[in-house]
Each structure stands twice: as structure tokens, then as C-alpha cells.
Amino acid sequence: MLVTVMDAPPTRDETGDPWTTRGGVGVMIRPIAGDDEEGMARFHRSLSPETVYTRYFNVAKLSVRTAPARLDRVCHPAPDDETVLVVETATAAASGRRIVGVGRLSVLPGGGGAAEVAFLVCDSFQRQGLGSELLRRLVEAAGRRGLRHLRAHLLPGNVAMRALCLRAGMRLAGGLEEQEIRAEIDL
Ligand SMILES: CC(C)(COP(=O)(O)OP(=O)(O)OC[C@H]1O[C@@H](n2cnc3c(N)ncnc32)[C@H](O)[C@@H]1OP(=O)(O)O)[C@@H](O)C(=O)NCCC(=O)NCCS
């Protein structure tokens, strides 16, 4: 079999893009990489049931979220259709680093220039500005891809996500009585 450089899974960008949380903690924000599977499993183990529920709209089991096939897919996004950013604590030793947030942009099929975004920040790093920063970067990524429309699905009672989206200029469609609502913005 002919193995080319293109076949090698991407490896973690050791430098990343430094950023500081509101509480003064140094983190790196970078694209997810093929060797993040263990870090992602650890990230999922750190999430409270409430955080899991507000992201997946159900109590998605840890065993499902960390199934090897799923982690493999998550850590190898399709370059044409997905941008996935992780936030990692920035310590000198690689062994001390841990993923504390993930933001995902997925281009919707159909060629209409629309994409969906979703976010997950671990409990101990919420309300530190990470969600807003990830959204800002994914809006930029959407612009670079020439996309025209972004949307996110959220539970009506998700006050954090509502605030984050409204602050970014997204409009909310759907009321508190709905099962889920949509935040959207034309770019
Ligand atoms: C929603 C989520 C991504 C927000 O991330 P975050 O890093 O906490 O967001 P930010 O720190 O940028 O906060 C943005 C704003 O949201 C509001 N907010 C955040 N957390 C809040 C909370 N617990 N209660 C009330 N408002 C909150 C605030 O207005 C906040 O700005 P402020 O702190 O300057 O007032 C995060 O809470 C999370 O991962 N939740 C679980 C998963 C989820 O709901 N994902 C979204 C569905 S795709």
C-alpha cells in the first residue's frame, strides 16, 4: 500500500493560540487533532450531568460520549465541512494540560452556505469568557469559508447560551414553551 504524508493523522499543534480567561488562567485555543482522543475522554469525564444535558438535550452516557469510534470521528473533523476548536490549559508539561472547552462548526449539507455551531465548556471554566471567544472564532472561520448563515440549537432555558448568542448579534427563534430553540445570524 502506498502511504503518503497526507495519510498521517494531524498531530496536536504544540503552540496553539494563547488566550487568557477572565479569571486570569492561561489557555491555548487550537484546532482539534488526531491525538486528542485521550484528552477528549478526560474532558467528558469532567462534565456535570447538567452540562451534558444542556449540550445534548439528553443524559448522553459517558460510555457513549467516549466510545472509541466516536472519539476517533470527533478528533478527525472533515476539513471541508467542519471546524473544531479546543481550549486547553497552558502548562509547560504536556502531561499537565487538559481540554476545558470545545467549539464546533459543521457545514450543513445542501450547499446553501449554512452551518451549525455548538459549544461545550467544562463546569469549572464556565463563565470565564470561553464560550464567547469560541463563538467569535467560529464566526470568523465561517467567514473564511464563505458561509452566509450560522445557527445553533439550544434548550429554551439555557440562559448562558441565550446570553452568549444574543451578545454575538444572533437572533433567537422560538419561545420558552418549545422543546428547543434556534439562534441564528446571517453573515
Ligand atoms: C453555554 C456555554 C457554552 C457558555 O460558555 P461560557 O464559557 O460559560 O460563556 P461565557 O463565559 O462566554 O459567558 C457568556 C455570557 O453568558 C451568560 N452566562 C454564562 N453562564 C451563565 C450562567 N451560569 N447563568 C447566567 N448567565 C450565564 C452571561 O451573560 C455571560 O456573560 P457575563 O459573564 O459577561 O455576564 C457553557 O455554559 C456550556 O458549555 N454549557 C453547557 C453546554 C451548552 O449549553 N452548550 C450550548 C448548546 S450548543
Using amide H atoms built in the peptide plane, which far-off residues or other-chain residues are under 5 Å from residue 98 H to H?
89
Taking 0.36 nm per residue of separation and subtracting the Cα-Cα distance, what length does fully extending residue 42 through residue 70 add?
8.7 nm
Need one word for segment 49-187: rounded, prolate or oblate. Basis is the Cα gyration tensor (sqrt eigenvalues a ≥ b ≥ c); a/c below 1.5 gives rounded, then a/b vs b/c decides.
rounded
Relative contact order %, the chain, counting alpha carbon pairs below 8 Å whose residues are six or more apart
16
Taking 0.36 nm per residue of separation between residue 123 and residue 136 and subtracting their Cα-Cα distance, the length gained on full extension comes to 2.7 nm
Can you figure out the FRET efficiency of residue 149 with residue 61, using R₀ = 30 Å and their beta-carbon distance, to the nearest 0.05?
0.40
Projected onto the charge dipole of segment 42-171 (+1 at Lys/Arg Cβ, -1 at Asp/Glu Cβ, origin at the Cα centre), which of 128, 101, 159 gives the Cα projection farthest towards the positive end?
159
Size of the dipole of the chain about the Cα centre, Lys and Arg at +1 and Asp and Glu at -1 on the beta carbon, nothing else charged, in debye to 20?
460
Trypsin sites (Lys or Arg not before Pro) restricted to segment 75-132 and DSSP loop, no more than 16 other C-beta within 10 Å:
98, 127
Listed residues 92, 152, 142; largest mean-square fluctuation, Gaussian network over the chain with Cα springs below 10 Å, found at 92
Linear extension gain, residue 186 paired with residue 94, 0.36 nm per residue minus alpha-carbon span:
29.2 nm
What number, rounded to the nearest 500 deg cm²/dmol, is the helix-based mean residue ellipticity at 222 nm of the chain, given -39500 (n - 2.57) per DSSP H run of at least four residues and division by all its residues?
-7500 deg cm²/dmol
Got a sec to turn the phi values of segment 106-120 into Karplus ³J(HN,Hα) couplings, 6.51 cos²θ - 1.76 cosθ + 1.60 with θ = phi - 60°, whole Hz, x for Gly and Pro?
10, 5, 7, x, x, x, x, x, 10, 9, 10, 10, 8, 9, 8
For segment 83-156, what does the relative contact order come out to in percent, with C-alpha contacts under 8 Å and a separation of six or more?
28
Would you mind pulling out the separation of the Cα centroids of segment 158-187 and segment 23-77, in Å?
23
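Each reported figure results from applying straightforward, stated rules to the coordinates on display, with no laboratory input. Here the structure is a predicted model, which means the values were calculated and not measured. Heads up, the Cβs are rebuilt from the backbone with ideal geometry, glycines too, and the neighbour counts pull from every protein chain shown.
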